[in-house]
Amino acid sequence: MASFGKKGGIPYMCEIVPRRRYILAAALISALTACSTAQRRSAETKLAEVLIPTEQENQLGLQVKQELEQKQGIEYIEDGPVNDYVQRVASRILEHATKDRPDVKWTVKVINDPKQVNAFATPGGYLYVFSGLILAAEDTAELAGVLGHEAGHVVARHSARQMVNAVGLQTLASVALGEDPGTLSQLAASLAGQGALLAHSRGDEIESDELGARYSAAAGYDPHGIASFFGKLMKGEGKQPGWTRFLSTHPPSAERIERVNAYIAKHGLEGKGGKGGNELARVKERIKAIPPPATARSGAQGEAGAGSGDR
């Protein structure tokens, strides 16, 4: 088994790494140089799994969580009924995502920010949904579709694959062959700090759309929820200020909606749950009654003080 230690508070691969990992990684790197797009994606996923094992994914996710809490000062919603609702929807989705990634221990958090329509996932199974996205959802099926989409990023190791693409094959080869065991953890820390782990390629987004639809249907929700949510953007609702961050990380398009709907039809995905809005409506009312995060309150007070000074 690989040995791990600590370096600057960040886990790193020690020099005692299984020889078979070197051999497998080297073989996968060679395969990447001459294969089709689909084969390359599969090889990149396998390579990411070899070079960035679950233990390091967990540490990456924890590092991003600490960044959010300590440096960005995010606040989580503590309201029981709101959290119970989100956790209940998420647990049904994650039950099926876990079948694809049984090594992941999931954590779901609701961020108190009613003005931001966004959701994201980080390595290690950390899923975050902003309260503004819950307010924007038409029904539970849409929320389930978004949660399934984010879980898909974790299942498919998209963040780890980004690192494979970012560092280059030569660097990865040296890491895989044990020539520079500290490089991978240093790159991981740098990428996490820059937020690069949260941006995904067009291909990754499409793959997560499909996984999200599959998990939604398996959980009994209408699998068209993710397409319906993206449809809001296509109708112009995405022009509102609160949607800016979601658009930057989840660029919608008519093609994406058509592709996920075609995927649903091709695979016969069915589910009718989550279309009623009564429970979600009650949750929305509770969210609206929750005070905004401290950063928003201090910003508003600052603006008020500036305004009074001008008079």
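Listing for the model above:
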quantity: Every residue from the range 63-88 that is out of contact with any strand residue (DSSP E or B) (no Cβ under 8 Å at 6 or more places or on another chain) and closer than 17 Å to residue 121 by Cα; calculated: 66, 67, 69, 72
quantity: Condition met for residue 107 (touching a Gly at 6+ places or on another chain (Cβ under 8 Å) and modelled with pLDDT of 95 or more); calculated: yes
quantity: Of all residues in the range 270-285 being surrounded by 14 or more Cβ atoms within 10 Å (Cβ to Cβ) and assigned to a helix (DSSP H, G or I), the one that is farthest from the chain's Cα centre (by Cα); calculated: 279
quantity: Selection status of residue 220, surrounded by fewer than 20 Cβ atoms within 10 Å (Cβ to Cβ), modelled with pLDDT of 90 or more and either of a type in the set (Phe, Trp, Tyr) or at positive phi (or both); calculated: yes
quantity: Residue under evaluation residue 87, criteria (1) surrounded by 18 or more Cβ atoms within 10 Å (Cβ to Cβ); (2) of a type in the set (S, T, N, Q); (3) free of Cβ contacts under 8 Å to residues at least 24 places away in the same chain, criterion not met; calculated: (1)
quantity: Tabulated pairs, the range 204-224, first farther than 16 Å from residue 255 by Cβ and part of a loop (DSSP other than H, G, I, E, B), second among the basic types (Lys, Arg) and modelled with pLDDT under 95, C-beta under 8 angstrom, 6+ apart or interchain; calculated: 220/272; 222/272; 222/275
quantity: Residue satisfying all of: in the range 97-127; part of a helix (DSSP H, G or I) and without any contact (Cβ under 8 Å) to a residue 12 or more places away in the chain; nearest to the chain's Cα centre (by Cα) among these; calculated: 98
quantity: Enumeration of residues in the range 131-152 that are touching a Gly at 6+ places or on another chain (Cβ under 6 Å) and not in a helix (DSSP H, G or I); calculated: 139
quantity: Test for residue 15: is it acidic (Asp, Glu), surrounded by fewer than 20 Cβ atoms within 10 Å (Cβ to Cβ) and modelled with pLDDT under 70; calculated: yes
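Here's the yes/no breakdown for (1) modelled with pLDDT under 55; (2) of a type in the set (Phe, Trp, Tyr):
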position	(1), (2)
245	yes, no
263	no, yes
267	no, no
287	no, no
291	no, no
294	no, no
301	yes, no
306	yes, no
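The values are calculated or read from the model by the stated rules, or taken from the named source; none is laboratory data. Treat the numbers as computed from the prediction; the structure is a model and nothing was measured. Ideal geometry is used to build each Cβ from the backbone, glycine not excepted, and the neighbour counts take in all protein chains shown.
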